[in-house]
1. When you look at A:Gly96, is it of a type in the set (Gly, Ala, Ser) and under 21 Å from A:Leu13 (Cα atoms), yes or no?
2. Quick one: what pairs do we get from the range A:1-29, first residue under 13 Å from A:Phe48 (Cα atoms), second of a type in the set (Asp, Glu) and modelled with pLDDT under 90, C-beta under 9 Å, 6+ apart or different chains?
3. Would you check if there is a residue in the range A:69-91 being within 16 Å of DNA strand D (Cβ to nearest atom) and part of a helix (DSSP H, G or I)?
4. Might you let me know whether the range A:44-65 holds any residue that is under 26 Å from A:Val158 (Cα atoms), loosely packed, with under 14 Cβ neighbours inside 10 Å and modelled with pLDDT under 90?
5. Looking at (1) closer than 22 Å to B:Ile135 by Cβ; (2) free of Cβ contacts under 8 Å to residues at least 24 places away in the same chain; (3) of a type outside the set (A, V, I, L, M, F, W, C), find the lone condition where B:Gly50 falls short.
6. Could you check the range A:165-188 and list, in sequence order, the residues that are over 26 Å from B:Phe172 (Cα atoms) and within 10 Å of chain B (Cβ to nearest Cβ)?
7. Can you tell me how many residues in the range A:19-32 are away from chain B (no Cβ under 14 Å) and more than 8 Å from DNA strand C (Cβ to nearest atom)?
8. Being part of a loop (DSSP other than H, G, I, E, B) and closer than 24 Å to B:Thr116 by Cα is the filter; apply it to the range B:1-47 and report the residue that is farthest from DNA strand D (Cβ to nearest atom).
There are 2 protein chains.
Amino acid sequence: MTDDKQSTKTRLLDAAEKLFADNGFDEVSVRDLAAVADVNVAAVNYHFQGKENLFHEVIRRRFMGQKDTTLASLAEVMARAEERPELAAIIRAIVGSYLEGALVQDGGMRIMALITREMHSNYNTRHMVFFKEMIAPIFAAFSAAMLAARPSLRQEDVNWLIASVVGQIHHFIMRRVKCDSLDPADDTRSFMILAFPVLDAPMDEFVSAVTDHITRFSTAAVDGMHPEVTP
Amino acid sequence: MTDDKQSTKTRLLDAAEKLFADNGFDEVSVRDLAAVADVNVAAVNYHFQGKENLFHEVIRRRFMGQKDTTLASLAEVMARAEERPELAAIIRAIVGSYLEGALVQDGGMRIMALITREMHSNYNTRHMVFFKEMIAPIFAAFSAAMLAARPSLRQEDVNWLIASVVGQIHHFIMRRVKCDSLDPADDTRSFMILAFPVLDAPMDEFVSAVTDHITRFSTAAVDGMHPEVTP
DNA sequence: GACAGAATAAAACACATGTTTGAATTATGC
DNA sequence: GCATAATTCAAACATGTGTTTTATTCTGTC
């Protein structure tokens, strides 16, 4: 099990990452994986112990680091705060670092979309690991941060607010990925871009535009729903 | 082709609706459908012309009506408006009538989630019909309504706002369906309900709570981002 | 009651799937 | 340089898929 670069194992992981992200778990066959990675079909079961395990490795490799950077980014905001952390900064930290997973490499956004889909799909509980290892910690940190920023909020309020923020993040990721996956000549794609030109912009522009919008939208919403009482 | 009640055809449609909604298109086999509907496997291809067509019929039967009620509900708000329609009423009409699709019958929410998933999944462009026949008209009406309510908004602003609203709707639907599909003893489910007790409430309570939250959240956001200039 | 056409049924078809096998090849340690 | 382990490979395996075929039963009409 020497982890040489470009070994069969890593080639398989790379191919799996791209294929799974583009097509989803069920839609990719072991033979597809083997063909793209240029390895034998048996390699999947030899190096990982089945297709499902390979999938989990793909996720672990890319997504767990993401969790850490998100938490770190949030922690930094909290540390820099004088008395009360700023609500907009908190939301921006969460949204931004989540979306920036899309920028780390080509296809990063597809990976984020893959996770989103797998979490949303209620077909199988088999990939539920993400939820516990990944979502729960971020949720807890996000929640604590918002309570610190707005002490008058009840926990229940915070949960509603977070849900609204997360829903927006997911939606914009899905839109982008869907748009990217369509043929440039497809008129559904044209329709989407006409309504949302930023879907066709370079990924970094998209990320910053979306981050900005969600932050401003959500901050305004919180301010409107729960006006801050200045002490 | 006599459309008797309880005919093979309708039994197949009913079984398909439930199975597809619970498990998704690819996860349901023709043999599953036949078994639940208590018909022969060949019936799927005899009455519909293949599994995919059956799926489309399921959607058409349930979702196209939904589109009409949503548009009607929005039209009513616009007609009742004195000078400018009220923003909150518009948002409530859209969100409410979309979510109320969950109440029309047992499993209605699952159908909504099914549509959401199929639209989100970029694996195949094969179910794209929904987008053109269903989403586009609602989007256009929603957009026009918001412009009427806030004439100072640019079309681009409206598109962003709508995306934020739709993202929230999808997210709450997904949460509820995911929660419902989990075993009552599952601790992920417990975790979700702890943070969001309404996920465990009766469906009508859930729908009204979510409708209320999204409406207030989004209205506050729009008001905060684009303060209305009183004439 | 006989007969066409629609509906159902059991079986088979053709193919794709994840996984396993067992031999051939390559790498490793001494 | 050789024995031993690790890896690769082609082939086969077992199973599940959507669909088609062919025969049989049901149904309505004259």
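The values are calculated or read from the model by the stated rules, or taken from the named source; none is laboratory data. These numbers come from a predicted model, not from an experiment. Here the Cβ is made from the backbone with ideal geometry for all residues, glycine too, and neighbour counts use every protein chain on show.
1. no
2. Pairs that qualify, where the first residue is under 13 Å from A:Phe48 (Cα atoms) and the partner is of a type in the set (Asp, Glu) and modelled with pLDDT under 90, are A:Lys9/A:Asp3; A:Thr10/A:Asp3; A:Thr10/A:Asp4.
3. No, the range A:69-91 has no match at all.
4. Yes, the conditions are met somewhere in the range A:44-65.
5. For B:Gly50, the failing item is (1).
6. Residues satisfying the conditions are A:Leu182, A:Asp183, A:Asp186, A:Asp187.
7. Going through the range A:19-32 one residue at a time, the tally reaches 0.
8. The qualifying residue farthest from DNA strand D (Cβ to nearest atom) is B:Gly24.
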